[in-house]
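Shown next, in structure tokens, is the structure this report addresses.
The values are calculated or read from the model by the stated rules, or taken from the named source; none is laboratory data. Keep in mind it's a predicted model, so treat the numbers as computed, not measured. All Cβ positions, glycine included, derive from the backbone under ideal geometry; neighbour counts span all protein chains shown. The area values use the complete protein model at the heavy-atom level, side chains included, leaving out ligands, DNA and RNA. Shrake-Rupley method; radii C 1.70, N 1.55, O 1.52, S 1.80 Å.
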Amino acid sequence: MRILVTGAAGFIGYHVAKVLLEAGHDVTGFDDVNPYYDPQLKRDRLAQLAPFPGFRMVEAGLEDRAAVEALFAEGRFERVVHLAAQAGVRHSLTNPHAYASSNLVGFLHILEGCRHAGVGHLVYASSSSVYGANRKLPFSEHDNVDHPVSLYAASKKANELMAHSYAHLYRLPTTGLRFFTVYGPWGRPDMAPIRFVRAILANEPIDVYNNGRLSRDFTYIDDIVDGVVRALDRVPEAPAGDVAPDPATSPTAPYRVYNIGNSAPVPLMDFIAAIEAATGRTAKLNMLPMQPGDVENTFADVTDLAAATGFEPTVSVEEGIRRFVAWYRGYYGA
């Protein structure tokens, strides 16, 4: 199968592309390898994909309409996994225009490409951040998400709305995946897991927000990739009859939204303790108040994804952290 993976130089995109290539698919990667974080890490990920004969890389930005149009004209893609985006809640507080360019304009270009190329299924990255001010746990796709607390979250909610309009108007099957906190080898250096490991190994303090009273649905990368690939194979269909509107589905269109996480939230202090055990070091903690745009708890209800695809996370936090620390030591020589 011919598959486009945007964000192929990114953390999740790299792992998804690798698994698809190992399964024998032809994969085109698309990424602008921007300097939001160390481009060398992105280049090193791509170097792992380059030896596969079925891999082709296109380096350009989502905002470049002509480049995206050429990409789809040449690619004849049967499936698209759209993972490229401007990520990060905190960065959206200081650089909001990047989110409009990449996550809104860029996503429109992907939707248009899929529409005109007759792509059979678009799977795209949403985020648990869309739950915003919601307090009901676990977070369910069937709950309304109308109160984002960051522009990043708002941009991801907008992606879901844009996808529904294209699914309705043009019968483009779309599946949105609300990723919860993902960690593991080749992870993003701006995220807490790698920042914590780096600081602990360097005997430096780590910033712990809300005085440690946080929990996250930490999910190991292998489990996430398994869910993405399963979702790619599960093409949504439009309802056959009169169906009541629901935030997770559509009464008119081949459209679906799923949570994808571990469904087992871990207190932040327990996560830090797992890193201490894996590194053999004791963390120095700099306790701080809550950050703007952040939420206290995340907890994924993955019942729907499990029912539709058989998705079932298997990697414990303790095992995942051990694997992650081993990779970190090897890659960074720490």
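Computed from Cα positions, the angle between helix 65-75 and the longest principal axis of the chain comes to roughly 70 degrees.
Taking the square roots of five times each eigenvalue of the Cα gyration tensor of the stretch 15-102, the equivalent ellipsoid has semi-axes of 24, 17, 11 Å, listed largest first.
The residue among Leu20, Pro251, Leu305 whose Cα reaches farthest toward the positive pole of the charge dipole of the chain, with charges on the beta-carbon of Lys, Arg, Asp and Glu, is Leu20. Assuming charge only on the beta carbon of Lys and Arg (+1) and of Asp and Glu (-1), the dipole of the chain about its Cα centre is about 500 debye to the nearest 20. For the stretch 205-319, averaging the sequence separation of C-alpha pairs within contact (under 8 Å, six or more residues apart) and dividing by the residue count gives a relative contact order of 45 percent. Solvent-accessible area of Arg188, all protein chains in place: 50 Å² (probe radius 1.4 Å, heavy atoms, ligands and nucleic acids excluded). Distances between every pair of Cα atoms in the stretch 281-334, grouped in 10 Å steps from 0 to the bin holding the largest one, split as 16, 24, 36, 22, 2 percent. Across Val229, Val81, the residue with the most accessible area heads the list, and the full order at a 1.4 Å probe is Val229, Val81. Counting only heavy atoms of the protein chains and using a 1.4 Å probe, Ser101 has close to 50 Å² of accessible surface. Quick one: of the DSSP bridges fully inside the chain, what percent are antiparallel, nearest 5? DSSP beta bridges in the chain are roughly 5 percent antiparallel.
Seen against the Cα atoms of the chain and their longest principal axis, helix 221-233 is set at about 10 degrees. The fraction of accessible area contributed by carbon and sulfur in the stretch 25-72 is 50 percent, rounded to a whole number (1.4 Å probe; ligands and nucleic acids excluded).
Per residue and in cubic angstrom, what volume does the convex hull of the Cα atoms of the stretch 129-220 have?
134 Å³
Applying the Karplus relation 6.51 cos²θ - 1.76 cosθ + 1.60 with θ = phi - 60° to the stretch 163-170 yields 3J(HN,Hα) values of 4, 5, 4, 6, 5, 6, 6, 10 Hz, where x marks Gly and Pro. Under Stokes-Einstein, with the Kirkwood radius over Cα pairs as Rh, the value for the stretch 229-301 at 10 °C and 1.306 mPa s is 95 µm²/s.
When the helices in the chain are scored as -39500 (n - 2.57) per DSSP H run of 4 or longer and the sum is shared across all residues, what 222 nm value do you end up with, to the nearest 500 deg cm²/dmol? Intermediate values should be presented prior to the final figure.
Details: 12 runs with 132 residues, N = 334.
After summing the helix terms and dividing by residue count, I get -12000 deg cm²/dmol.
Accessible surface of Tyr209, taken over heavy atoms with a 1.4 Å probe and every protein chain present, rounds to 50 Å². Average projection, convex hull of the Cα set of the stretch 149-290: 10.3 square nanometres.
Ellipsoid semi-axes for the chain, based on the Cα gyration tensor and the rule √(5λ), read 31, 24, 18 Å when sorted largest first. With all protein chains kept in place, the per residue accessible area of the stretch 1-141 amounts to 41 square angstrom at a probe of 1.4 angstrom. Placing +1 on the Cβ of every Lys and Arg and -1 on the Cβ of every Asp and Glu, with nothing else charged, gives the stretch 191-303 a dipole about its Cα centre of roughly 440 debye.
Computed over protein heavy atoms with a 1.4 Å probe, the carbon and sulfur contribution to the accessible area of the stretch 184-334 reaches 50%.
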